[in-house]
Each structure stands twice: as C-alpha cells, then as structure tokens.
Amino acid sequence: MNLVETYGNIIKKYAPAHPTAAFRMIKAGLYLERFRTKHLADKKIPGAYRYLNTYAVDYVLQALRDPQSTVWANIFAPVEILQCFDLRCLSVECLSSFLSGFRIEDYFLDFAEEEGIASTLCSYHKTFIGASDSGIVPPAAFSLTTSTICDGNINTFRYLSENRGVKNYILDIPMDNSEEAIEYVIAQLKDLISILEKTFHKPFSYNRLAEVIKRENASKELYEKCLVLLRDKAYPSTLTLQMYMLFATHLNIGEPEILTFFEKMHQELLAAPAYDGINILWVHLLPWYQETLQEYFNLTDNCQIQAIEMNLDYRETLDPDDPLRSLALKMINNAYARSYDRKVDLVCDLADELQPDGVINFCHWGCKQSSGGVMRLKERMQEADIPLLILDGDGMDRRNSHNGQIRTRWEAFYELLLARKGQ
C-alpha cells in the first residue's frame with residue numbers, strides 16, 4: 001500500500017463522523033502536493049508542465065480555502081466573465097479528479113448512491129455530489145453551468161443548488177447559430193453579469209473583459225504553434241498532466257499565468273529534440289490512473305499524446321471589442337454543441353493537421369455522448385484510413401476499470417501502429 005492510498009484511507013476513516021477533519025486533511029494534502037510539484041517534481045517533466053501542475057494544485061487549494069470567492073462551474077461556462085469578478089472556478093470534473101488523486105473517490109461515489117443518486121450517473125458527477133452532500137466540501141458562493149453536451153450538468157447543478165443553498169445560473173445554449181440565437185445568449189450573459197454584480201457587490205468592467213480575451217487569444221495562438229511542433233518534437237508528459245491542460249484551455253483561459261504557461265511551452269518545444277515514436281490523438285477524457293496506459297505514456301520515449309480534442313473545441317479568435325458576442329459565439333459554435341458530427345469533424349481536422357499515428361477514443365462510463373456517437377467516429381476514421389482504438393472504462397472509479405482488457409486491446413493496437421510505422 002503506497003503513501004497516497006494510506007493517507008486516503010485515513011481521510012475515509014474520519015469522513016463519516018468528522019467531515020471537518022477530513023476536509024482539513026484534503027487541504028493539507030494539497031499543500032504537500034503543491035510543495036512537491038514546485039520543488040520535487042520529476043526533472044523529466046518539461047518546465048511548462050511543472051509550472052502548470054503547481055498552478056493548478058494551488059488554484060484548487062485556494063478555491064477550497066475560500067469558498068466565498070469560488071464558483072462551481074462546468075468547463076463550457078464563460079469563465080472570462082467570472083475572472084472579472086476575481087472568482088475561482090471549480091468544475092465537477094476538476095474537483096472529482098483531485099479527490100480521486102487522494103484515492104477517496106469510492107467513499108463519495110458510495111455516499112451519493114446510498115442517498116439515492118442513480119448508479120448510471122457519470123462518476124465525476126456522483127463524486128462531486130457525494131463530496132458536497134457528505135458535508136466535507138463546503139458550498140461555493142455561486143454555481144454556473146451551460147446546457148452544452150452533458151445531460152447530467154443541469155440536473156447535478158440544480159440538485160446541488162437546492163441541497164446546499166447555492167445560487168445557480170443555467171445558460172441555455174440554442175441548437176443553431178442564427179442571429180436570434182446569438183442575441184438570446186448575449187441577453188443571458190448580460191443577465192448573468194447583473195446577478196454577479198449584486199451577489200458579489202462588485203462592478204463589472206468591459207475593459208477588463210477585453211484584456212482577458214486578448215490574453216485568451218494570445219494563449220490560443222501559442223497553443224496552435226505548439227501543436228505544429230508536437231508533430232515531430234519530443235515533449236514528454238503524463239496522463240495526469242494531459243488532464244491539467246483543461247485548466248489552460250478552459251477553466252483558466254485568459255489568466256496571465258496561463259499565457260505564461262503557453263509561452264514556456266512554446267519556447268521549450270522550439271528547443272526540443274526530434275521525436276520518432278508513436279503519436280496519439282486522444283478523444284474525450286483520460287483515465288489518468290490506469291496502470292497500462294501510465295506504463296506506456298507517462299514520461300516515456302516511445303509514446304506521447306499530441307493533443308486531446310476537448311482542448312480544441314473552439315479555435316476561433318475572439319473579438320475583444322465585442323466580448324459578449326464573442327463569448328456567445330464561443331458557446332454556440334463549440335464543437336460539442338448540436339450534432340455529434342461536429343465533434344467528429346473536429347477530430348478529423350486535427351488528425352489531418354497533426355498527422356498522429358493513431359487515435360484513441362475513451363468511452364467514459366456514464367457519459368452517453370462518448371459511447372453513443374463513437375461508431376460515427378469509427379466510420380470516419382476508417383474512411384480516412386486512420387487507426388482508431390475504442391477503450392471502455394471509467395475516468396474516476398477504479399473499480400470500473402479492467403486493466404487486463406485495456407492492456408490486451410492497447411498492446412494489439414500498439415503493435416499495429418508500430419507495423420504501420422515500419423518499426
């Protein structure tokens with residue numbers, strides 16, 4: 001039993017009768033992890049990823065320490081507006097993943113199910129609900145979600161709002177990009193801003209939002225340059241670090257620290273050595289804890305993930321002079337909005353640009369869109385003669401992960417990729 005598992009077991013022991021003590025232990029663990037990532041991280045990890053890792057851990061720690069300045073949000077929410085109020089965003093996927101890092105997700109999953117939450121609900125959502133309803137994680141000051149992609153988001157956020165007394169706002173994203181639809185979303189954004197001003201007693205600044213969007217555009221431009229370099233440059237990472245990219249592309253996009261991260265990443269890639277191993281384009285979530293995939297992808301010379309399509313769901317430049325319209329377009333024209341074919345088109349475009357050796361689609365348990373549409377992706381990959389591996393599993397719950405099956409399927413796929421590459 002390793003140190004993390006032992007620590008997690010202690011948290012679970014205290015959780016039922018002493019939730020406050022369990023919460024203090026979670027925060028203490030994050031303090032230690034912040035120190036480790038800043039001072040004791042593996043030197044094989046590129047400097048930009050070490051910087052992002054420390055930033056993300058500290059961000060979550062501060063969000064938990066100061067819930068009155070924290071918003072529960074999904075990853076498609078207009079975080080740019082929240083930044084203008086000095087609010088931190090804590091997403092369902094983010095907090096649940098950190099709790100899983102402590103190896104305590106099973107406690108919260110079981111807690112949620114025992115109080116009547118359906119076993120078929122996404123395990124990210126169940127973990128988040130269990131953490132909140134158990135009284136361990138304190139309620140945020142506000143919650144914000146959109147109707148985009150995930151059918152669990154609205155119900156989960158409504159449930160948490162009612163159970164914990166958190167004021168909730170739901171952005172309804174239309175299924176078309178007509179001018180009427182755009183104006184409809186803009187009106188909601190104005191309403192949201194008015195509510196945030198009243199809730200947090202701070203004035204909103206369009207000038208500040210414009211600056212956030214300028215940094216977002218600069219970050220996205222650098223990331224696009226990094227993607228080009230990643231076609232034939234060695235830039236090792238881990239499954240966990242790849243998941244941290246959601247901080248850079250969604251939860252914190254527009255923050256000065258994120259622009260710094262992409263600047264560091266670009267500079268390192270320019271100087272990085274050539275790479276001739278297997279490149280993978282990943283689709284959907286990553287089971288970061290999965291043993292076989294860790295063995296092949298964590299800081300190895302033979303396999304690396306070029307990109308995850310979720311990080312590139314909206315690639316257009318935003319107009320800082322018309323920020324609300326830009327944010328409305330960003331949500332309406334997101335690759336996950338409307339038909340699943342939009343996501344398939346994005347994967348095909350990325351495959352054409354990045355020229356990966358293969359594509360892996362992970363069908364996360366409880367996520368209906370990832371499982372329901374994957375056959376459409378398979379058809380398009382076959383048409384383009386791009387090898388596709390479909391893996392089933394759970395991004396959160398280790399008990400739903402079958403390492404033997406994943407190893408068998410991955411290693412057969414890996415041999416196929418090596419053969420196609422002539423290695």
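The values are calculated or read from the model by the stated rules, or taken from the named source; none is laboratory data. Keep in mind that what you see is a predicted model, and the values were worked out from it rather than measured. Counting neighbours? That spans all protein chains shown, and the Cβs are built from the backbone with ideal geometry, glycine included. Note: accessible area is taken over every heavy atom of the protein model, side chains too, but ligands, DNA and RNA are not part of it. Shrake-Rupley method; radii C 1.70, N 1.55, O 1.52, S 1.80 Å.
Every residue, every condition in (1) surrounded by fewer than 18 Cβ atoms within 10 Å (Cβ to Cβ); (2) modelled with pLDDT of 95 or more; (3) small (Gly, Ala, Ser); (4) under 23 Å from the mean Cα position of the chain (by Cα), yes or no:
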| residue | (1), (2), (3), (4) |
| --- | --- |
| Gly152 | no, no, yes, yes |
| Lys167 | yes, yes, no, no |
| Leu171 | no, yes, no, yes |
| Asp176 | yes, no, no, no |
| Lys190 | yes, yes, no, no |
| Lys202 | yes, yes, no, no |
| Tyr206 | yes, yes, no, no |
| Lys214 | yes, yes, no, yes |
Checklist entry - Does the stretch 102-121 contain any residue that is closer than 30 Å to Thr260 by Cα and β-branched (Val, Ile, Thr)? => result no
Next on the checklist: Anything in the stretch 376-423 that is aliphatic (A, V, I, L, M) and farther than 30 Å from Phe128 by Cβ? List them, or say none.
Outcome noted: Met381, Ala384, Ile386, Leu388, Ala412, Leu416, Leu417, Leu418, Ala419
Checklist entry - Residues that are surrounded by fewer than 20 Cβ atoms within 10 Å (Cβ to Cβ) and not acidic (Asp, Glu): which helices (runs of 4 or more DSSP H) entirely in the stretch 1-89 hold 3 or more of them? => result 3-14, 19-39, 47-65
Checklist outcome for this item: In the stretch 348-366, anything farther than 20 Å from Ala419 by Cα and open to solvent by less than 30 Å² (accessible area, probe 1.4 Å) is listed as Cys348, Leu350, Asn361, Phe362, Cys363, His364, Gly366
Next on the checklist: touching a strand residue (DSSP E or B) at 6+ places or on another chain (Cβ under 7 Å) and either surrounded by 17 or more Cβ atoms within 10 Å (Cβ to Cβ) or assigned to a helix (DSSP H, G or I) (or both): is that true of Asn279 in this structure?
Outcome noted: yes
Item to check | One residue from Cys348, Cys367 being hydrophobic (A, V, I, L, M, F, W, C), at pLDDT 90 or above and under 24 Å from the mean Cα position of the chain (by Cα) | outcome: Cys348
